[in-house]
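First comes the structure, then the notes that go with it.
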Amino acid sequence: HSMGEHFLKLTGEAVDDPSQHIMDVPMLSEEELHRLLVEWNATDAPVPQGGVHELIGAQARRTPDAVAVVFEDLSMTYAELHGRSLELAAHLRSLGVGPGVFVALCADRSLDMFVGLLGILNAGGAYVPLDPAYPADRLTHMLEDAGCPVVVTQAHLRQALPATDARVVMLDEAPWPESDEGAGTAEAVGGDDPAYAIFTSGSTGRPKGVQVPHRALVNLLASMARAPGLGPEDTLLAVTTLSFDIAGLELYLPLIVGARVVLASREAALDPARLAALIERERVTVMQATPATWRLLTEYGWRGPASFKILCGGETLPVDLARTLTGGEAEVWNLYGPTETTIWSTVHRLDRDASAIPIGRPIANTRVYVLDACGAPTPVGVPGELYIGGTGVALGYLNRPDLTADRFVSDPFAGEPKARMYRTGDRVRWRTDETLEHLGRLDTQVKVRGFRVELSEIETVLARHPAIAHAVAHVIPDASGAHRLVAYVVTSGSGIPPVAELRSHLAAHLPEYMIPSSFTELERVPLTPNGKVDRRRLPAPDANQVASAGSYVAPRTELERVVADVWRDALGVQAVGATDNFFDLGGHSLLIVKVHSELRAKLDHDLSIVEMFQYPTVRALAERLSRQMAASN
């Protein structure tokens, strides 16, 4: 029916003005355009005034004695958290921190991390999270790009930081020096001042910093407080690393509504048994995580209780997982949004036993457009590129005016001359129920365990190795259906270097989640007729190539054989030797959980996930297990 109407409109317009270019002939009626651009984007709502730290300060005055944050057996009330962050803020202001100044924060998950975040914001500054696990080369680039005059960290992480001229402030050395006269009065931040900069993978081979303003962050939080909804009676379990922007929702949303945040340690966030125990012990009512983490929990056997809210986002939610999650008693929300439009831009509550998994409708003060290659809106059901406008649009990329101009473009539908929209690169379409459906990417960007990965960044770094003439990074599904990174290389004639050498070359520049699990040598890269890499013609990864990190050493004890067999099956390689390293073979933190549960079942012995990180070779882990089992007999 609508197809016929579009055809009549198209032919009528062409007859009325035959001189038009075919691509300029409008196909949608005025009513349809109004529905798509105005009615389905009617999201206006009031935005609270002030920065997120001011909203948390106001909550601290309302409920000073309520518990704000919990970490393991430690906790802080709203008054304690607010008071300590104001003391840090006064010290930071004495060092010149104020609106528009970026301050690096490198902290382990702890109560101190909260003090650091809110101290920087209360000083008027914007924070740049530095993950202590990132290579020094990447941290140096981030510090230089953001021009951070001050780094806030903890004493035990001082060595992990690259050499810098910045002033270093230790979170665990409070009380900090008294500030100079006059430094104690905060300069008010404006809605357009940056609150944080998050670095994401960059297609040119270096990460790019997204600057997010206070108004955008506050708008997101106010909208999320309404739907999916959060109130003072709630407890939210925070599991996301600070260098992933969605952590912002977990850390601030509870604190602006008077709820409680329980911070999971890095180890607990990877271990479904510990997560499930934490949810029960702390009576958690809301948790946000990527599909990979929800799969860990459901495979462990956890099911959300009736009063529980499951927030899922960061990458595409698979249908089988959605059905498992919605089959229980909990509310399940699918969330979507790029870092450049502030954490989440659309939300959708999934029906029970979901068969379709839309990414939903725009949040407050957010406009979404599905446009064709000429920038015209597409009809319902017709795919196009998703553009996002409104209050959530970021300020742009740090020191990258060219990239900012390319991705943040003028919004012709907003009716305001300075309005901008972000070109997401995501392929979507409108459904008849007014929700958006995500159909994949228009480029080579992928999501790996929730993190954005530009395949070209891996390729650029890999091609810097002197033995590599050409590199292609690609993703294939692993046993659980999640993305697994693999690489293909054409060498410069001297043969492929050992896998361990390639991995250490990449590890000097890229975080762990961006390192491929295998390296397959090609004579030449398959190309499409227009000269692009033909990813569909790439061969299956060479299983032997994964395990060739060194010469093969056969397992010698029964325990070594059990460990090697479990690793081999989980990693999908042909053979695992006694001296092979789990991570060099392509293992990662989510696979380790699978291996952990298999070993526990086979050996009837309780080992911790942390030990698997500490003893990453077959022999080391087998010897550790042997000692433990002897001691317990």
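The values are calculated or read from the model by the stated rules, or taken from the named source; none is laboratory data. On a predicted model such as this, the values are computed, not experimentally measured, just so you know. Methodologically, a virtual Cβ is constructed for each residue, glycine included, from the backbone with ideal geometry; neighbour enumeration extends over all protein chains shown. Only protein heavy atoms, including side chains, enter the accessible area calculation; ligands, DNA and RNA are left aside. Shrake-Rupley method; radii C 1.70, N 1.55, O 1.52, S 1.80 Å.
Using a 1.4 Å probe on the protein chains only, how many percent of the accessible area of the chain belongs to carbon and sulfur?
51 percent
GluC sites (Glu not before Pro) within region 391-460: which are DSSP loop residues with at most 15 other Cβ atoms inside 10 Å? Let's see the in-between values first.
Working: sites: E434, E437, E454, E457, E459; in loops: E434.
Passing sites in region 391-460 are E434.
Would you please classify the overall shape of region 77-118 from the alpha carbon gyration tensor, given that a ≥ b ≥ c denote the square roots of the eigenvalues, rounded means a/c under 1.5, and beyond that prolate means a/b larger than b/c while oblate covers the rest?
oblate
For the chain, what is the calculated [θ] at 222 nm in deg cm²/dmol (nearest 500), taking -39500 (n - 2.57) for each run of four or more DSSP H residues and dividing by its residue count? Before the final figure, lay out each step's value.
Details: 20 runs with 208 residues, N = 633.
Only helices count here, giving -10000 deg cm²/dmol.
Per residue, how much accessible area does the chain have with a 1.4 Å probe, in Å²? Please list the in-between numbers first.
On the way: 26410 Å² over 633 residues.
I get 42 Å² per residue for this part.
Between rounded, prolate and oblate, where does region 124-229 land on the alpha carbon gyration tensor, with a ≥ b ≥ c its root eigenvalues, rounded for a/c under 1.5, else prolate if a/b exceeds b/c?
Since a/c reaches 1.5 but b/c is at least a/b, the shape of region 124-229 is classed as oblate.
Counting DSSP beta bridges in the chain, what percent are antiparallel, to the nearest 5?
Of the beta bridges lying entirely in the chain, close to 60 percent run antiparallel.
Taking the Cα centre of the chain as origin, sum charge times position over the Cβ atoms of Lys and Arg (+1) and Asp and Glu (-1), and report the length of that vector in debye to the nearest 20.
On the way: 56 positive and 79 negative charges, 199 e Å.
Rounded to the nearest 20 debye, it is 960 debye.
Do me a favour and compute the ellipsoid semi-axes for region 199-349 from its Cα gyration tensor, root of five times each eigenvalue, largest one first, whole Å.
Result for region 199-349: semi-axes of 24, 18, 15 Å.
Evaluate the Debye formula for region 573-633 with equal point scatterers sitting on the alpha carbons, no solvent, and hand back log10 of I(q)/I(0) at q = 0.24, 0.27, 0.28 Å⁻¹, in q order, two decimals.
Log10 of I(q)/I(0), two decimals: -1.10, -1.34, -1.40.
Over all directions, how big on average is the projection of the convex hull of the alpha-carbon atoms in the chain, in square nanometres?
Averaging across all directions leaves 31.6 nm² for the Cα convex hull.
How charged is the neighbourhood of A269? Take every other residue with its Cβ under 12 Å from the Cβ of A269, and add Lys/Arg as +1 and Asp/Glu as -1.
Values: positive: R109, R266, R274, R449; negative: E250, E267, D271.
Around A269, the charge tally is +1.
Is the C-alpha gyration tensor of region 486-633 telling us rounded, prolate or oblate? Criteria: a/c under 1.5 is rounded; beyond that, a/b larger than b/c is prolate, otherwise oblate.
Verdict is prolate for region 486-633.
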